[in-house]
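> A single structure is presented below for examination.
The values are calculated or read from the model by the stated rules, or taken from the named source; none is laboratory data. Computed from a predicted structure; not experimentally measured. Because the Cβ atoms are built from the backbone with ideal geometry, glycine has one as well, and the counts that use them run over all protein chains shown.
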Amino acid sequence: MRRSVFGRRSQRMHGAGVVALSMTLALGASAGSAHAKVFGYGNKGCMEYIEVFDNREGRSLYASWAQGYFSSISQREGLSDFTRGIGDDPNAMQKWLKRYCERRNSKRFYEAVDAYAEELIKAGAQ
């Protein structure tokens, strides 16, 4: 049985991220679209993510949202293993997102997650 990267408590919260992402997709827009509506933690600013980063529970809410985002990309694009590298270091994704947000603190969290997804896809294509 594969263990979750983020632990049991955040697994329960994972559903909230998936529901929010599903609602976004149901509206027929992707996060990169100029007309997209992003719900939940993805719509929060990068500064808010940085502020809660040291709070494990708060950080796990954002991580759950990101997992839902990745699940959607994987399902929609047929990229079943593009997140393979996440499992190597449970904190790698969160550290990457924090660095991105520190450098681009005017961005939204979904933009950071989208940039990380692009990096994973590039790495998988090599």
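> With the requirement that a residue be among the hydroxyl-bearing types (Ser, Thr, Tyr), modelled with pLDDT of 90 or more and closer than 14 Å to PHE39 by Cα, what does region 55-70 give you?
The answer is TYR62, SER64.
> Counting just the residues of region 71-109 that are of a type in the set (Phe, Trp, Tyr) and modelled with pLDDT under 95, which one comes out farthest from TYR49 (Cα to Cα)?
Filtering first and then ranking leaves PHE82.
> Residues that are surrounded by 14 or more Cβ atoms within 10 Å (Cβ to Cβ), at pLDDT 90 or above and under 14 Å from the mean Cα position of the chain (by Cα): does region 15-35 have at least one?
No, there is no match, as no residue in region 15-35 is surrounded by 14 or more Cβ atoms within 10 Å (Cβ to Cβ), at pLDDT 90 or above and under 14 Å from the mean Cα position of the chain (by Cα).
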